[in-house]
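Asks: Input: one structure, supplied below.
The values are calculated or read from the model by the stated rules, or taken from the named source; none is laboratory data. Keep in mind the model is a prediction, meaning the values are calculated, not measured. As a convention, Cβ positions derive from the backbone with ideal geometry for all residues, glycine included, and neighbour counts pool all protein chains shown. Note: accessible area is taken over every heavy atom of the protein model, side chains too, but ligands, DNA and RNA are not part of it. Shrake-Rupley method; radii C 1.70, N 1.55, O 1.52, S 1.80 Å.
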Amino acid sequence: MPIHAPDAPVGDIHDLEPQEFLEEVHSFEFWFQAIEGYLSGLTWGHRPETIDEPLAAADRERLISVLCNYCVGETAALEGASGLIAIAPNRLSKVFLSTQVADEGRHLEVFMRRLRDLGVADPEAEVERRASRSLVLFKRRLLELVASKDWEAAIFAQNVILESLEFVVFNTHAHDADPVTAEVLKGVVKDERRHIGFGENELGRRLSGSPHSRARLGQIRKELDHLVLDTLEETIGMIGLDRSEHDRLGRVYLESVERLGLL
């Protein structure tokens, strides 16, 4: 049964005053309505009736490697979002991050389940064995920023850089994946879009009048970009996309980050 916010305003949510808008879109009620719309009736992120097509051995191996790295990224976001709740500057940010923790936990769970469905007996050991070095280094740096209580830098690394990378990769992969993996990815992508929106909104307001913060985040971006682009190149190769896709997806990722004016 659909969940509706009893006090939800009538009309376009974007017509609300800034504070009312944040109260609405950062709430659990908004989150409940959003996820109900695209997760209802799914089991482990896909419809139970979707046929799990058998894969050739080489394709199965590549997909397992890709999913292992997806698990690394989702674990980074899960640990990062949970740590950020304690240092979030206000109630609305804390509430939103608690919904993001639930999202990231679900993503990790469905990717792990997909690995089991593909015949991986010990998904956690397989993730550790196949993890991209660049992505592991990115995760380590993100969690260092969280541990140092650097709110702006950690939100930038997590909700702008990492989420933009995942959005670009998952969205592209969903177009060429087997039916079950494609359905899982499409549900995850809808969550990533919401997480990116939070990061851009939070940092956009903070950076509008702070040249110092803009310059500092620009330095962090330079530090992390090569790890992201290396991960992107590795993942594209494992998915089996044409080499030309690397340049296109790299541009899409960079454009999403540059919307904040961090050149």
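Asks: On alpha carbon coordinates alone, what is the Rg over Rh value for the chain, Rh being the Kirkwood radius?
Replies: 0.96
Asks: Place +1 on the Cβ of every Lys and Arg and -1 on the Cβ of every Asp and Glu in region 108-232, take the dipole about the Cα centre, and give the residue among VAL110, LEU143, ALA177 whose Cα lies farthest towards its positive end.
Replies: LEU143
Asks: Hey, what do the phi angles of region 241-255 turn into as Karplus ³J(HN,Hα) couplings, whole Hz, using 6.51/-1.76/1.60 and θ = phi - 60°, x for Gly and Pro?
Replies: 7, 4, 4, 4, 5, 4, 5, 5, 5, x, 5, 4, 4, 4, 5
Asks: Another question, then. Using θ = phi - 60° and the Karplus form 6.51 cos²θ - 1.76 cosθ + 1.60, what ³J(HN,Hα) does each residue of region 133-142 get, whole Hz, x for Gly and Pro?
Replies: Running phi through 6.51 cos²θ - 1.76 cosθ + 1.60 with θ = phi - 60° gives 4, 4, 5, 5, 5, 4, 4, 4, 5, 4 Hz.
Asks: Let me ask another. So if I place +1 on the C-beta of Lys and Arg and -1 on the C-beta of Asp and Glu, and nothing else carries charge, what would the dipole magnitude of region 33-133 be about its Cα centre? I want it in debye, nearest 20.
Replies: So the magnitude is around 300 debye.
Asks: Evaluate the charge dipole of region 179-245 about its Cα centre and quote only its size in Debye, nearest 20, assuming +1 on the Cβ of each Lys and Arg and -1 on the Cβ of each Asp and Glu.
Replies: 540
Asks: Using the crude model of +1 on Lys and Arg Cβ and -1 on Asp and Glu Cβ, and no other charge, please compute the dipole size for the chain relative to its Cα centre, in debye to 20.
Replies: The calculated dipole for the chain is roughly 800 debye.
Asks: Using the charge dipole of the chain (Lys, Arg: +1 at Cβ; Asp, Glu: -1 at Cβ; taken about the Cα centre), state which of SER27, PRO48, GLN219 has its Cα farthest towards the positive end.
Replies: Toward the positive end, the furthest listed residue is GLN219.
Asks: Students often forget the sequence filter, so: which aspartates and glutamates lie under 16 Å Cα-Cα from LYS222 once same-chain residues fewer than 8 apart are removed?
Replies: GLU152, ASP230, GLU255, GLU258
Asks: Now for a separate question. If you roll a 1.4 Å probe over region 43-189 with all protein chains in place, what percent of the accessible area is carbon or sulfur?
Replies: Exposed carbon and sulfur together represent 53 percent of the surface.
Asks: Averaged per residue, what accessible surface does region 96-136 expose to a 1.4 Å probe, in Å²?
Replies: 45
Asks: Could you derive backbone 3J(HN,Hα) for region 166-175 from the dihedral phi with the Karplus parameters 6.51, -1.76 and 1.60 (θ = phi - 60°), listing whole Hz in sequence and x where the residue is Gly or Pro?
Replies: After applying 6.51 cos²θ - 1.76 cosθ + 1.60, I find 5, 4, 4, 5, 4, 4, 5, 4, 4, 6 Hz.
Asks: Taking 7 Å along the Cα-to-C-beta vector as the label spot, tell me the HIS175-ASP122 distance in nanometres, rounded to one decimal.
Replies: With each label point 7 Å from Cα toward Cβ, the separation is 3.9 nm.
Asks: Net charge around GLU245, counting only other residues with Cβ within less than 14 Å of its Cβ (Lys, Arg = +1; Asp, Glu = -1)?
Replies: -2
Asks: Let me ask something additional. Can you work out the accessible area per residue across region 187-263, with the rest of the protein chains kept in place, probe 1.4 Å, in square angstrom?
Replies: 48
Asks: Same structure, new question: Contour minus end-to-end for THR50 and ASP230, with contour as 0.36 nm per residue of separation and end-to-end as the Cα-Cα distance?
Replies: Going from the current span to full extension adds 61.5 nm.
Asks: For region 169-263, just the Cα set please: Rg and Dmax, both in angstrom.
Replies: For region 169-263, the Cα radius of gyration and maximum Cα-Cα distance read 15.4, 47 Å.
Asks: Dividing the Cα convex hull volume of region 158-215 by residue count, how many Å³ per residue is that?
Replies: 64
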